[in-house]
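FYI, it's all coordinate maths here, none of it is from the lab. Small disclaimer: the values here were computed from a predicted structure and weren't measured. A quick note on method: Cβ atoms are made from the backbone with ideal geometry, for glycine too, and the neighbour counts reach across all protein chains shown.
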Amino acid sequence: MTDASILVTGGCGFIGSHLIDRLLADNQSVVCLDNMNDFYNSEIKKRNQRSHLSSENYSFVEGDIRNEKTVSALFENHDIGLVIHLAAMAGVRPSVENPGLYMDVNVMGTQVLLDAAKDHNVKHFVFASSSSVYGNNEKIPFSEDDRVDGQISPYGSSKRMGELLCQTYHHLTGLSVTCLRFFTVYGPRQRPEMAIHSFVRSISNGEGISVFGDGTSSRDYTYIDDIIDGIIKAAQSPDNFVIYNLGNSEPVKLIDMVHVIGEAIGKSPDITLSEMPMGDVVQTFADIGRSQRRLGYNPQTSFEKGIQQFVEWFKSVHGSD
């Protein structure tokens, strides 16, 4: 992929740790930048990172992407040829409560990294965007050519601003940039507050679960292995400036998702309906034609298989009855 080091920001998180697993297995030199914040239990991130620390090809820098001195020193101390920028304040609902933090981290932090990439002649910059940029897009499936000026959460807005910054830096500096719009990624190590993880935990413990709306909202759930495959393919195919959807292109209704989880666990879910939160979209549905044609992206994991694998992982970590 590159003879120089690959910088992965947010590399101790869910997606980042899986990506680093793959990069180290491919004998790539990796630098991880992560601030180990307390958005969720930092011990989880330490566990995600544990196997990486024994690799001679792995370097860890604990720091914030907004800190220009930290970022500048990292680029001075390491020969970075590729940046895969995953670090962000995550979550739609928390962004509604604290929009300023999301703009600061997700927009200004991205600018700091783009400046460093420009100043140190980085060859390629991969930016992790989100299906949230589409808002409540009425046209389905969602295409990269659709207008995306109707975000309904600060998180979605911050990711769209990140894309625009990337496009501007490409225009001004010639930096090769790829933006990847992830569609609801799930699998082992998924953040504990996300729906699938939360539902698996509650149903496993015999607790009731709260389903937002009438259960007909849908998400294009994408298994972590397929996302990692898409990231690797995008990183190996530098473009001038291109946006790609990375999804499974098979939306699943919320109520169906709950029943699939119940079947995988072997327990019947105790469901209560509640009001749809502000900022949540009604549906997501990825058009992955561009990713298939240009990257050879081809998701392999069905939702049922992915849920079964997640449940098996959950039991291995938390035990089973």
Does the stretch 188-237 classify as rounded, prolate or oblate by the C-alpha gyration tensor (a ≥ b ≥ c root eigenvalues; a/c under 1.5 gives rounded; else a/b over b/c gives prolate, otherwise oblate)? oblate
May I ask what percent, to the nearest 5, of DSSP beta bridges between residues of the chain are antiparallel? 5 percent
Packing-ranked peptide list from 109-117, 296-304, highest mean Cβ count within 10 angstrom first, is 109-117, 296-304
Provide the gained length on full extension for the span residue 41 to residue 239, in nm with one decimal, where the gain is 0.36 nm per separating residue minus the Cα-Cα distance. 67.6 nm
Separation of the residue 293 and residue 145 label points, Cα + 7 Å toward Cβ, nm: 0.8 nm
Kyte-Doolittle cut-off -0.5, length cut-off 18 Å along the helix's own axis using Cα: show which whole DSSP H helices in the chain pass. 303-318
In whole angstrom, how far apart do the alpha carbon centroids of the stretch 24-56 and the stretch 224-283 sit? 23 Å
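Hey, got the dipole for the chain? About the Cα centre, +1 on K and R Cβ, -1 on D and E Cβ, debye to the nearest 20?
Details: 27 positive and 40 negative charges, 46 e Å.
Approximately 220 debye in magnitude.
By its C-alpha gyration tensor, with a ≥ b ≥ c as the square roots of the eigenvalues, how is the stretch 7-89 shaped: rounded for a/c under 1.5, else prolate for a/b larger than b/c, else oblate?
oblate
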Listing 293, 201 by rising number of other beta-carbon atoms within 10 angstrom, fewest first, gives 293, 201
Calculate log10 I(q)/I(0) of the chain for q = 0.10, 0.11, 0.15 Å⁻¹, where I(q) comes from the Debye formula with a single equal point scatterer on each Cα and nothing for solvent. -0.54, -0.66, -1.28
Set 46/139; 123/305; 46/253; 139/233; 46/315, cut-off 30 Å on Cα-Cα distance; pairs above it are 46/139; 123/305; 46/253
As I understand it, the dipole of the chain uses +1 on the Cβ of Lys and Arg and -1 on the Cβ of Asp and Glu, about the Cα centre. Which of 148, 224, 276 lies farthest toward its positive end? 224
Could you give the radius of gyration (one decimal) and Dmax (whole number) of the Cα atoms in the stretch 147-244, in Å? 17.4, 56
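Would you mind computing Rg(Cα) / (2.2 N^0.38 Å) for the stretch 50-191, counting N as its residues?
Details: Rg = 16.0 Å, N = 142, 2.2 N^0.38 = 14.5 Å.
It is 1.11.
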Average projection area in nm² (convex hull over Cα atoms of the stretch 179-321, one quarter of hull surface): 8.9 nm²
